[in-house]
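The values are calculated or read from the model by the stated rules, or taken from the named source; none is laboratory data. None of the values given here were measured: they were computed from a predicted structure. Cβ sites come from the backbone with ideal geometry, for glycine too, and all protein chains shown count toward neighbours.
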């Protein structure tokens, strides 16, 4: 079974500081993808960053980086230089690459990030 | 840019009504998905589709049906709305296997209230 765990229901960070949001996953498939999404209070899910299971380097997208530790089955999101606009719910998700569940995502419960001035 | 649109941001319906939620994507994506999101339960997959006229059940298909007559459009149907279907509904699309990580892109969501 596929499973995503986000253990931090809420996180607080001061503006301009870096913050790490934790995500662990469980799968027996050798091929999979890991994603982070941001959901502001407006409700839309915004894609942030993607890491493939065979990618050798950690993914980066601007201020976002994904700390991928395959042996530990963790895929933490690092946001550098936090901004007030980063306050939102953040979801980690995993895509399976085989069988009848090909292409679907499994989501964690999310972490609510609050950035304070 | 990928664009996924949903027919309504807010919708209020009465118990027993038939409800249609429409989703359209403009990027020629193969896959489309419907989720519902509830506080404390996260996102749950209702149905998904890999191709026109194809559909697969997700984790919570009961009380819902879907239709995909054209590649760009995926409709979610509540045959007889009930109060426990009050929720946020999110539609998503993705390119398909082996294409750019097969990233799912989401629409703005529809907040449905069933009275």
Search result, residues across segment B:77-115 that are in contact (Cβ under 8 Å) with a residue 40 or more places away in the chain, in a loop (DSSP other than H, G, I, E, B), within 11 Å of chain A (Cβ to nearest Cβ) and crowded, with 19+ Cβ neighbours inside 10 Å: B:95, B:104, B:107, B:109
Given (1) under 17 Å from residue B:45 (Cβ atoms); (2) without any contact (Cβ under 8 Å) to a residue 40 or more places away in the chain; (3) within 12 Å of chain A (Cβ to nearest Cβ), index of the condition residue B:66 fails: (3)
Residue satisfying all of: in segment A:9-28; in a loop (DSSP other than H, G, I, E, B) and in contact with a strand residue (DSSP E or B) (Cβ under 6 Å, 6 or more places away or on another chain); nearest to residue A:54 (Cα to Cα) among these: A:23
Condition check for residue A:106: part of a strand (DSSP E or B), closer than 23 Å to residue B:33 by Cα and away from chain B (no Cβ under 12 Å): no
Residues being buried (at least 17 other Cβ atoms within 10 Å of the Cβ) and either modelled with pLDDT under 95 or out of contact with any helix residue (DSSP H, G or I) (no Cβ under 9 Å at 6 or more places or on another chain) (or both) - total across segment A:12-42: 12
Counted residues, segment B:64-110 - those being at pLDDT below 95 and in contact with a helix residue (DSSP H, G or I) (Cβ under 7 Å, 6 or more places away or on another chain): 3
Of all residues in segment B:28-63 being modelled with pLDDT under 90 and closer than 20 Å to residue A:46 by Cβ, the one that is nearest to the other protein chains (Cβ to nearest Cβ): B:42
Single condition residue B:23 does not satisfy, out of (1) surrounded by 18 or more Cβ atoms within 10 Å (Cβ to Cβ); (2) at positive phi: (2)
Segment A:29-60: number of residues that are within 14 Å of chain B (Cβ to nearest Cβ) and in a strand (DSSP E or B): 15
Qualifying residue in segment A:68-82 (condition: assigned to a helix (DSSP H, G or I), surrounded by 13 or more Cβ atoms within 10 Å (Cβ to Cβ) and more than 9 Å from chain B (Cβ to nearest Cβ)): no
Residue B:8, sole failed condition from (1) surrounded by 13 or more Cβ atoms within 10 Å (Cβ to Cβ); (2) at pLDDT 95 or above; (3) under 17 Å from residue B:85 (Cα atoms): (2)
Test: residue in segment A:86-98 that is assigned to a loop (DSSP other than H, G, I, E, B) and under 24 Å from residue B:110 (Cβ atoms): yes
Residue within segment A:17-25 that is over 12 Å from the mean Cα position of the chain (by Cα) and within 14 Å of chain B (Cβ to nearest Cβ) present: no
